[in-house]
1. If we keep just the residues of the range 179-229 that are modelled with pLDDT of 85 or more, more than 18 Å from L143 (Cα to Cα) and basic (K, R), which is surrounded by the fewest Cβ atoms within 10 Å (Cβ to Cβ)?
2. Counting just the residues of the range 145-177 that are farther than 22 Å from R210 by Cβ and in contact (Cβ under 8 Å) with a residue 40 or more places away in the chain, which one comes out surrounded by the most Cβ atoms within 10 Å (Cβ to Cβ)?
3. Would you please list the contacts, defined by Cβ atoms under 6 Å and residues six or more apart or on different chains, that run from a residue in the range 103-128 that is of a type in the set (S, T, Y) to a residue that is part of a strand (DSSP E or B)?
4. Which residue pairs have Cβ atoms under 8 Å apart, sit 6 or more places apart or on different chains, and have a first residue in the range 183-205 that is over 21 Å from L157 (Cα atoms) and without any contact (Cβ under 8 Å) to a residue 12 or more places away in the chain and a second that is aromatic (F, W, Y) and outside any loop (DSSP other than H, G, I, E, B)?
5. Kindly indicate the residue of the range 106-115 that is modelled with pLDDT of 90 or more and not in a strand (DSSP E or B) and also nearest to I165 (Cα to Cα) among those meeting that condition.
6. Quick one: which residue in Y159, Y167, Y142, Y150 is outside any strand (DSSP E or B), in the same structural domain as V213 (by TED's automatic domain parsing), in contact with a Phe, Trp or Tyr (Cβ under 8 Å, 6 or more places away or on another chain) and of a type in the set (F, W, Y)?
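The values are calculated or read from the model by the stated rules, or taken from the named source; none is laboratory data. Everything quoted here is computed from the prediction, not taken from an experiment. Ideal geometry is used to build each Cβ from the backbone, glycine not excepted, and the neighbour counts take in all protein chains shown.
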Amino acid sequence: MNQKDIFRACAIVMCISGFIILFSTIYPLASYEWESAKKYPVLISPLVDEETASFKFSSKDYTQASNWFDGTQKEEFVSEDVKFFTISIPKLKIESATIAVGGEDLSKSLIQFPGTALPGKIGNSVIFGHSILPIFYDPKNYLAIFSILYKLEKKDLVYIDYDGISYKYEVEDMFEVKPDDIQILEQDSSSSYLTLVTCTPPGDPRKPKRLIVRARLVPADLSYANTRN
């Protein structure tokens with residue numbers, strides 16, 4: 001093989017490699033958008049003016065939880081008394097992942113939104129987790145831990161271990177919201193809820209939407225939790 005043939009072969013290999021890299025980046029985003037359009041036909045957004053709402057590429061650091069929802073304050077995430085508990089999601093192979101109550105560095109742990117209910121208590125416990133392209137999913141890497149959160153379905157189970165007690169939650173709803181829609185942080189006194197939140201589509205640098213997974217404490221655990229209040 002002469003030098004010209006070698007250069008031609010190298011060029012072909014580089015073109016193929018470039019196509020594979022481009023495809024592996026774009027396909028997951030396009031595929032997610034296609035599936036989410038069917039799974040979440042309505043983008044819940046009761047607080048947004050549809051005539052003026054727009055999405056722009058942002059330089060925000062989304063490893064900081066305070067940047068996730070417009071209208072939240074960084075000071076809310078500053079805590080001198082950070083506590084921790086853990087979460088396990090068998091379907092996603094997440095086992096005893098750390099959740100920090102307070103603080104906001106999503107590269108080191110999941111984050112419970114300050115002021116939301118503690119696990120097992122009446123109200124809504126809101127947990128943030130980071131996501132990247134699903135092909136890089138790693139249940140032990142907090143930058144990737146919620147990358148395939150969208151694969152959860154109704155009836156899937158989520159386990160929380162808090163203060164020596166294990167609580168079992170069952171997924172009952174999934175939907176998407178815009179960054180303005182902080183009503184997902186609101187409390188609900190009708191039961192004990194767990195809300196899992198991540199940016200979506202996973203890996204999209206614009207971070208245009210938030211995926212919400214809402215789970216409810218199973219009745220047996222709820223009865224036990226109420227006796228502890």
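1. Looking at residues that are modelled with pLDDT of 85 or more, more than 18 Å from L143 (Cα to Cα) and basic (K, R), I get R216.
2. Y167
3. Qualifying pairs under 6 Å: S109/T98; S109/A100; T116/N124; T116/S125; T116/V126; S125/L194.
4. none
5. S109
6. One residue alone meets the criteria, Y150.
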